[in-house]
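Read through the structure below, which is laid out as structure tokens, and then see the notes.
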Amino acid sequence: MPLAMVGDKFIASEKLDPAYLDYGTFFGDGVYEVLRSYDGKLFGLAEHLARFERSLKEIDIQGIDINTVRQRVLKAFEKFNKPDAKIYFHITRGAGPRDHAAQNLSPRFFLLISECEDFDKQKQKGISVITVPDTRWKRCDIKSLNLLPNVLAKRQAQKRGCGEAVFVDDSGFITEGASSAFFAIFGNVLKTAPLNINILPSITRQFVLDIYANTGLELKEERIKAETAASADELFIAVSSRDIVPVVKFNEIEISTGQPGKFTKLLIKEFAKLAQNK
């Protein structure tokens, strides 16, 4: 009979809480989403659920009714009853004996809702970022629980007083931030890397592409070298919990005037309009 140890306490395996045997813990075997609300209204729920459903399909977790997930999110949001909330939820393959190829597990759902932090100061002053080598797996288009490289990158950025880490691939091109999409502006041209399997199809990225023309910008979806980004007129990141955040320092190099740029400010205003009306 297997024996488990939790802290200093021995527990017979059959008496273990299934949470200790979750495949998310054993293997990072699951997918997740994060979305937020603005002024009491969930933002981008349909888009997040569509991406979530795709991620489930890509890693072959079956038997999930996406409408049930939707209802759980709505129920949690109603019960939490805060106007500006951040909602995290995930589904893992299930719980059971540690076996890489286990069959017939029952997927497990988890949700956590909290008040969304106030990022107005970051929007007004901007953040600094650093670049780190992109050591992630080759299917970053799947929003999986395998986030150790992201965690290490974030910790490195934090130690250096930065608000984000930006991944750079083996060819020197920026892929994305550790938890964000990355954008650069040169003149009136907005640039961001095109989507592929090495980049998450960011929901906030897509919303930026829905509104950029309202600011007079033109768009080029093309890869950006790290050294090229450092010479941009403006940089910003886009992420669900913070939407658009200006980047004013890149690898300790000041971007333009060292202040959020005019187009980034306009995009922040346009995004706020979108959040109110969507």
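Structure data summary
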quantity	calculated
Lys57/Glu227 FRET efficiency (R0 41 Å; Cβ-Cβ; nearest 0.05)	0.60
Over 22 Å between alpha carbons, listed pairs Lys191/Lys249; Lys41/Lys75; Lys82/Lys154; Lys125/Lys249	Lys82/Lys154
Extension gain, Arg155 back to Phe110 (0.36 nm per residue minus Cα-Cα distance, nm)	13.7 nm
Between the range 112-145 and the range 1-67, the Cα center-to-center distance that results, in Å	20 Å
Anisotropy class of the range 120-277 from Cα gyration tensor, a/c 1.5 cut	rounded
Spin-label pair Ile253/Leu195, simplified geometry with 7 Å Cα→Cβ offset, distance in nm	3.0 nm
Where a label projected 7 Å from the Cα of Thr68 along Cα→Cβ would reach, residues of the range 76-103 with amide N under 14 Å	91-94
Rounded if a/c under 1.5, otherwise prolate or oblate - the chain, Cα gyration tensor axes	prolate
Coarse-grained scattering of the range 13-115 at q = 0.10, 0.13 Å⁻¹, given as base-10 log I(q)/I(0) from a Debye sum over alpha-carbon atoms	-0.31, -0.50
Part-to-part distance (alpha-carbon centres) for the range 160-177 and the range 184-228, which is given in Å	15 Å
Förster radius 22 Å - calculated FRET efficiency between Asp99 and Ile11, Cβ distance, rounded to 0.05	0.65
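Throughout, read-outs are computed from the coordinates displayed, never taken from laboratory work. Everything numeric here is computed off the predicted structure, so don't read it as measured data. As a convention, Cβ positions derive from the backbone with ideal geometry for all residues, glycine included, and neighbour counts pool all protein chains shown.
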